[in-house]
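See below for the structure under consideration.
Values quoted throughout were computed directly from the atomic coordinates according to the rules given, and no laboratory measurement underlies them. Since this is a predicted model, take the numbers as computed values, not measurements. Neighbour counts run over all protein chains shown; Cβ positions are idealised from the backbone, glycine included.
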């Protein structure tokens with residue numbers, strides 16, 4: 001069985017500040033890990049994915065995440081928040097079957 | 001590439017009627033498609049997995065007679081909510097996976113269902 005835990009249901013940052021969203025996973029097999037962003041009433045947009053290649057993964061819109069097996073973590077960061085980063089973010093895990101288990105989500109608000 | 005289209009984007013129906021939602025992979029063949037449900041301010045919960053030409057596999061607690069899934073071709077899966085009730089109102093999202101290893105399933109834009 002696989003699962004992810006997102007620490008912090010709500011993160012508020014100032015524009016230009018670091019964004020850090022935390023995700024820890026549990027998996028009995030080597031995991032595939034994903035971060036998605038969702039804007040209101042829209043589907044999911046993939047930010048980045050880890051598929052057992054490089055542990056530091058760079059994604060779209062300046063986001064990156066680091067896979068740390070020893071900590072079972074896959075935290076998402078962005079050095080400088082932009083107003084357009086305000087959205088809901090989901091961490092997800094799968095094995096090789098494309099079936100995703102999602103975290104509860106983290107709402108990001110950006111203060112001007 | 002790898003575009004998944006869901007239709008309709010939103011639908012309002014009367015209680016007791018049925019609603020069909022389509023999920024199409026536009027530029028690839030999807031051997032497997034997934035249907036998720038998302039309540040307001042909550043995460044996505046997997047409802048079922050459908051493989052082309054075979055019966056869908058439903059997650060525990062999902063009523064297969066209420067949520068009919070058909071995956072008749074490699075580019076189309078449909079979810080029919082039968083005898084809809086207000087508690088079925090939700091955001092439904094599909095995803096589609098290619099047959100060869102991208103390790104990623106691609107999501108549609110979702111369908112907002114409101115039952116009145």
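Here are the numbers:
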item: Residues (surrounded by fewer than 16 Cβ atoms within 10 Å (Cβ to Cβ) and under 11 Å from the mean Cα position of the chain (by Cα)) located in the stretch B:9-21; result: B:20
item: Flag if residue A:38 is within 23 Å of residue B:107 (Cα to Cα), surrounded by 16 or more Cβ atoms within 10 Å (Cβ to Cβ) and within 11 Å of another protein chain (Cβ to nearest Cβ); result: yes
item: Residue tally, condition buried (at least 16 other Cβ atoms within 10 Å of the Cβ) and under 18 Å from residue B:105 (Cα atoms), over the stretch B:71-86; result: 7
item: Selection status of residue B:65, within 19 Å of residue B:106 (Cβ to Cβ) and exposed (fewer than 13 other Cβ atoms within 10 Å of the Cβ); result: no
item: From the options A:32, A:98, residue that is crowded, with 20+ Cβ neighbours inside 10 Å, farther than 28 Å from residue B:114 by Cα, free of Cβ contacts under 8 Å to residues at least 24 places away in the same chain and within 12 Å of chain B (Cβ to nearest Cβ); result: A:98
item: Exclusive hit being buried (at least 20 other Cβ atoms within 10 Å of the Cβ) and either more than 13 Å from chain B (Cβ to nearest Cβ) or under 24 Å from residue B:95 (Cβ atoms) (or both), set A:78, A:68; result: A:78
item: Number of the exception - residue A:103 against (1) surrounded by 15 or more Cβ atoms within 10 Å (Cβ to Cβ); (2) at the interface with chain B (Cβ under 8 Å from one of its Cβ atoms); (3) under 19 Å from residue B:106 (Cβ atoms); result: (3)
